[in-house]
1. Order these by the 10 Å Cβ neighbour count, fewest first: 21, 40.
2. Kindly provide the helix-only [θ] at 222 nm of the chain, computed as the sum of -39,500 (n - 2.57) over DSSP H runs of four or more divided by all residues, to the nearest 500 deg cm²/dmol?
3. How many nm is it between the label spots at residue 120 and residue 3, if each spot is 7 Å from the Cα in line with the beta carbon?
4. How much length is gained if the chain between residue 56 and residue 86 is pulled fully straight, taking 0.36 nm per residue apart and subtracting their Cα-Cα distance, in nm to one decimal?
5. Hey, what do the phi angles of the range 18-25 turn into as Karplus ³J(HN,Hα) couplings, whole Hz, using 6.51/-1.76/1.60 and θ = phi - 60°, x for Gly and Pro?
6. Would you mind telling me which residue in 13, 31, 64 has the biggest mean-square fluctuation in a Gaussian network model of the chain, where springs connect alpha carbons within a distance under 10 angstrom?
7. At 0.36 nm per residue, and after removing the present C-alpha to C-alpha distance, how many nm does the segment from residue 10 to residue 79 gain when stretched out fully?
8. When only Cα pairs under 8 Å and 6 or more residues apart are kept, what is the percent relative contact order across the chain?
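The numbers here are math on the coordinates, done by the rules we state, and not lab data. The structure presented is a predicted model; accordingly, all values stated were derived computationally and were not measured. All Cβ positions, even for glycine, are placed from backbone atoms using ideal geometry, and neighbour counts span all protein chains on display.
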Amino acid sequence: MHDAPLIVCATTARTPLFDGRLVPEDSCVVAIGSHTPERRELDSALVGRAQLVVEDTRVALREAGDLIIPIGQGVINPSSLVPMCDILTGQTPVDHHRPRVFKSSGMSWEDLVIAAQVYRAG
């Protein structure tokens with residue numbers, strides 16, 4: 001994992017799958033699995049240091065435990081979430097100095113298309 005350029009998490013995990021401190025700064029992490037407020041695939045260490053891209057901020061704040069839990073812990077602020085539209089249109093630049101996390105709460109075919117685009121943009 002310490003040299004993985006792309007990490008895809010597609011599980012129904014209740015707790016983080018790995019130590020987020022091991023994820024390199026130049027990685028793109030796609031979390032498309034767990035999508036309820038009390039479940040998560042990613043730990044707060046990774047979420048706290050990553051650029052966080054979401055399909056829709058309101059949906060993410062309602063459904064994405066990967067983000068809701070770190071917000072509740074005070075690790076991140078909801079304002080740090082970047083709508084994917086802003087990345088795709090260039091309104092928000094991709095931050096290459098830290099991991100990029102795409103957290104999806106959508107349908108699987110949408111997840112694949114968006115993950116591919118976020119990876120290409122990174």
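1. Details: 21 10, 40 27.
By the 10 Å Cβ count, ascending: 21, 40.
2. Counting only the DSSP helices, I get -9000 deg cm²/dmol.
3. Spacing of the two 7 Å Cα→Cβ label points: 2.8 nm.
4. Details: separation 30, 0.36 × 30 = 10.80 nm, distance 1.06 nm.
Stretched fully, the residue 56-residue 86 segment lengthens by 9.7 nm.
5. Karplus values, whole Hz, x for Gly and Pro: 7, 6, x, 5, 7, 6, x, 4.
6. Checking each option, the largest mean-square fluctuation is seen for 13.
7. Details: separation 69, 0.36 × 69 = 24.84 nm, distance 2.52 nm.
Value of the extension gain: 22.3 nm.
8. Values: 258 pairs, mean separation 35.5, N = 122.
The normalised contact order for the chain reaches 29 percent.
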